[in-house]
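Enquirer: For reference, the structure I am asking about is given below.
We did not get these values from a lab; they are worked out from the coordinates using the rules stated. Because the structure is predicted, anything quoted here is derived from the model rather than measured. Ideal geometry is used to build each Cβ from the backbone, glycine not excepted, and the neighbour counts take in all protein chains shown.
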Amino acid sequence: MLTYRVSGRRIDSHGSIAMAKAAEVILDTDLAGRDDAMNPVELLLSALAACIIKGIERVAPMIEFAFDRVEVELLAERQDAPPRLAAISYRLLVGTSESDQRLELLHTNVRKYGTIYNTLSAGTALTGAIERLP
């Protein structure tokens with residue numbers, strides 16, 4: 001079993017920092033918000049975007065899928081009581097000349113093998129579509 005380790009530390013009332021390996025990320029933990037850091041929901045969505053993109057990097061060589069660009073757009077809907085993400089939707093945009101069937105095969109593999117994808121979809125409505133970039 002693979003394990004992951006991240007630590008977080010409050011800097012002051014305006015922000016915090018998360019650390020993993022040699023990387024650091026400034027966190028928006030200010031009650032008023034910050035424009036120069038991601039809040040917890042944005043970090044979660046960033047993890048999903050990274051999972052989707054990394055999934056493509058992993059799967060594409062296995063299925064011999066040619067592409068030159070990938071973009072992911074995510075939208076989360078938050079409910080207040082109890083506070084939680086009620087739904088997450090995404091658009092996966094891929095620059096490729098592969099057929100529509102191969103594009104959908106790529107999407108199927110990303111959904112099937114993504115760790116963050118599967119974790120989130122187990123407890124949150126997670127929907128998305130794959131599209132070809134012009």
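Enquirer: For every helix of n ≥ 4 consecutive DSSP H residues, a contribution of -39,500 (n - 2.57) applies; sum these over the chain, divide by its total residues, and give [θ] at 222 nm rounded to the nearest 500 deg cm²/dmol.
Expert: Values: 3 runs with 45 residues, N = 134.
That calculation yields -11000 deg cm²/dmol at 222 nm.
Enquirer: Note the angle between two axes, namely the Cα long axis of helix 40-63 and the longest principal axis of the Cα atoms of the chain, as a number of degrees from 0 to 90, rounded to the nearest 10.
Expert: 30 degrees
Enquirer: Between the helical axis of 100-113 and the dominant principal axis of the chain, each derived from Cα atoms, what acute angle in degrees is found, rounded to the nearest 10?
Expert: 40 degrees
Enquirer: Further question: Mind pulling the per residue volume of the convex hull built on the Cα atoms of the chain? Å³ is fine. If you can, show how the numbers build up before the last one.
Expert: Details: hull volume 20.0 nm³, N = 134.
Output value, Cα hull per residue: 149 Å³.
Enquirer: Order by neighbour count: Met38, Met1, Met62, fewest other Cβ atoms within 10 Å first, most last.
Expert: Fewest to most other Cβ atoms nearby, the residues stand as Met1, Met62, Met38.
Enquirer: Within a 10 angstrom radius of the beta carbon, how do Ser16, Ser89 rank from fewest other beta carbons to most? Write out the running numbers ahead of the final one.
Expert: Numbers: Ser16 17, Ser89 14.
By the 10 Å Cβ count, ascending, the order reads Ser89, Ser16.
Enquirer: Taking the Cβ of Thr127 as the centre, find all other residues whose Cβ is under 12 Å away and add up their charges (Lys, Arg: +1; Asp, Glu: -1). Write down the numbers at each step before the final one.
Expert: On the way: positive: Arg91, Arg111; negative: Glu77.
With Lys, Arg at +1 and Asp, Glu at -1, the neighbours total +1.
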